[in-house]
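Asks: Can you keep this structure in mind? I'll have questions shortly.
The values are calculated or read from the model by the stated rules, or taken from the named source; none is laboratory data. Because the structure is a prediction, the values reported are computed rather than measured. Note that we place each Cβ from the backbone using ideal geometry, even for glycine, and neighbour counts take in every protein chain shown.
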Amino acid sequence: MDDRKRLEAIAQELIQAFDIHSPPIPVESMLQFPKAGMWQKVDINQLSGAFLSLKDKYSPRMSIARLLARHVAGSRWGQSRGVLEILRKDEELIRVFARMIVMPAEMVNGLTPAARNPVALSMQFEVPEEDARLRLQELL
């Protein structure tokens, strides 16, 4: 199985572990309230404003999703699944993995064909249109 397929499966396993069935994915609460054996609880109120991207109204959510992806990778849970090993191969994979978490393949593919466009995805998953466009390309 190639690295992206492995990350896709791990992202789906993460979504299932948190018992999430519909968008938007609650990345903030996932960071703050991890399941047992995952990562240390994160107080997002303590994050620096410089950490968050503000290009789009949903850009801060993608910043949080990338932080979540890093916490997953560094946790025992993520390491046991090889996430850190995969992400170390290519810096861009952290962004790819964050998009997988915030826009799970199963949920995106479950949308009607008319709803599978960057504008609709952006609104439904609360992500910037550019990230929605990239995710749709990744799922082709």
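Asks: Scan (1) closer than 20 Å to Asp43 by Cα; (2) buried (at least 19 other Cβ atoms within 10 Å of the Cβ) for the single condition Arg81 breaks and write down its number.
Replies: It is condition (1) that Arg81 fails.
Asks: Does Ala132 fit the bill of being among the small types (Gly, Ala, Ser), assigned to a helix (DSSP H, G or I), within 14 Å of the chain's Cα centre (by Cα) and at pLDDT 95 or above? Before the answer, list the steps.
Replies: Values: among the small types (Gly, Ala, Ser): yes; assigned to a helix (DSSP H, G or I): yes; within 14 Å of the chain's Cα centre (by Cα): yes; at pLDDT 95 or above: yes.
Yes: the conditions hold for Ala132.
Asks: Condition first: assigned to a helix (DSSP H, G or I) and small (Gly, Ala, Ser). Now tell me which residues in segment 59-89 satisfy that.
Replies: Going residue by residue through segment 59-89, those that are assigned to a helix (DSSP H, G or I) are 59-74, 76-80, 83-87.
Correct list: Ser59, Ser63, Ala65, Ala69, Ala73, Gly74, Gly78, Ser80.
Asks: While we're on this one: Suppose we filter Val72, Val42, Val83, Val96 for residues that are under 28 Å from Leu121 (Cα atoms), modelled with pLDDT under 90 and not aromatic (Phe, Trp, Tyr); which single one remains? Step through it out loud before you land on a result.
Replies: Numbers: Val72 fails: modelled with pLDDT under 90; Val83 fails: modelled with pLDDT under 90; Val96 fails: modelled with pLDDT under 90.
After ruling out the rest, the residue left standing is Val42.
Asks: Based on what the data block shows, is Asp56 closer than 21 Å to Met1 by Cα, in a loop (DSSP other than H, G, I, E, B), modelled with pLDDT under 95 and not β-branched (Val, Ile, Thr)?
Replies: Numbers: closer than 21 Å to Met1 by Cα: no; in a loop (DSSP other than H, G, I, E, B): yes; modelled with pLDDT under 95: yes; not β-branched (Val, Ile, Thr): yes.
In short, no.
Asks: To continue, here is another question. When you go through Glu129, Glu85, Glu92 one by one, which is the residue that is among the acidic types (Asp, Glu) and either in contact with a Lys or Arg (Cβ under 6 Å, 6 or more places away or on another chain) or touching a residue at least 24 places away in the same chain (Cβ under 8 Å) (or both)? First the steps, then the outcome.
Replies: Working: Glu85 fails: either in contact with a Lys or Arg (Cβ under 6 Å, 6 or more places away or on another chain) or touching a residue at least 24 places away in the same chain (Cβ under 8 Å) (or both); Glu92 fails: either in contact with a Lys or Arg (Cβ under 6 Å, 6 or more places away or on another chain) or touching a residue at least 24 places away in the same chain (Cβ under 8 Å) (or both).
Selected residue: Glu129, the only one of Glu129, Glu85, Glu92 that is among the acidic types (Asp, Glu) and either in contact with a Lys or Arg (Cβ under 6 Å, 6 or more places away or on another chain) or touching a residue at least 24 places away in the same chain (Cβ under 8 Å) (or both).
Asks: Among the residues of segment 4-27, which ones are in a helix (DSSP H, G or I) and surrounded by fewer than 17 Cβ atoms within 10 Å (Cβ to Cβ)? Write out each step before concluding.
Replies: To start, the set of residues in segment 4-27 that are in a helix (DSSP H, G or I) comprises 4-17, 27.
Result: Arg4, Lys5, Arg6, Ala9, Gln12, Glu13, Gln16, Ala17.
Asks: Which pairs turn up if I take residues in segment 23-44 that are in contact (Cβ under 8 Å) with a residue 60 or more places away in the chain and on the phi < 0 side of the Ramachandran plot and look for partners that are crowded, with 16+ Cβ neighbours inside 10 Å and among the acidic types (Asp, Glu) with beta carbon separation below 9 Å, at least 6 apart in sequence or on another chain?
Replies: Final answer for the pair search is Pro23/Glu126; Pro24/Glu126; Ile25/Glu126.
Asks: Taking Leu68 as the residue in question, decide whether it is over 19 Å from Phe18 (Cα atoms) and hydrophobic (A, V, I, L, M, F, W, C). Give the derivation first.
Replies: Values: over 19 Å from Phe18 (Cα atoms): no; hydrophobic (A, V, I, L, M, F, W, C): yes.
Against the criterion (over 19 Å from Phe18 (Cα atoms) and hydrophobic (A, V, I, L, M, F, W, C)), Leu68 does not qualify.
Asks: Give segment 101-126 a look and list any residue that's part of a loop (DSSP other than H, G, I, E, B) and in contact (Cβ under 8 Å) with a residue 12 or more places away in the chain, or say none. Can you show your working first?
Replies: Going residue by residue through segment 101-126, those that are part of a loop (DSSP other than H, G, I, E, B) are 103-104, 110-112, 116-117, 126.
If the condition is that a residue be part of a loop (DSSP other than H, G, I, E, B) and in contact (Cβ under 8 Å) with a residue 12 or more places away in the chain, then Met103, Pro104, Leu111, Arg116, Asn117, Glu126 are the ones that fit.
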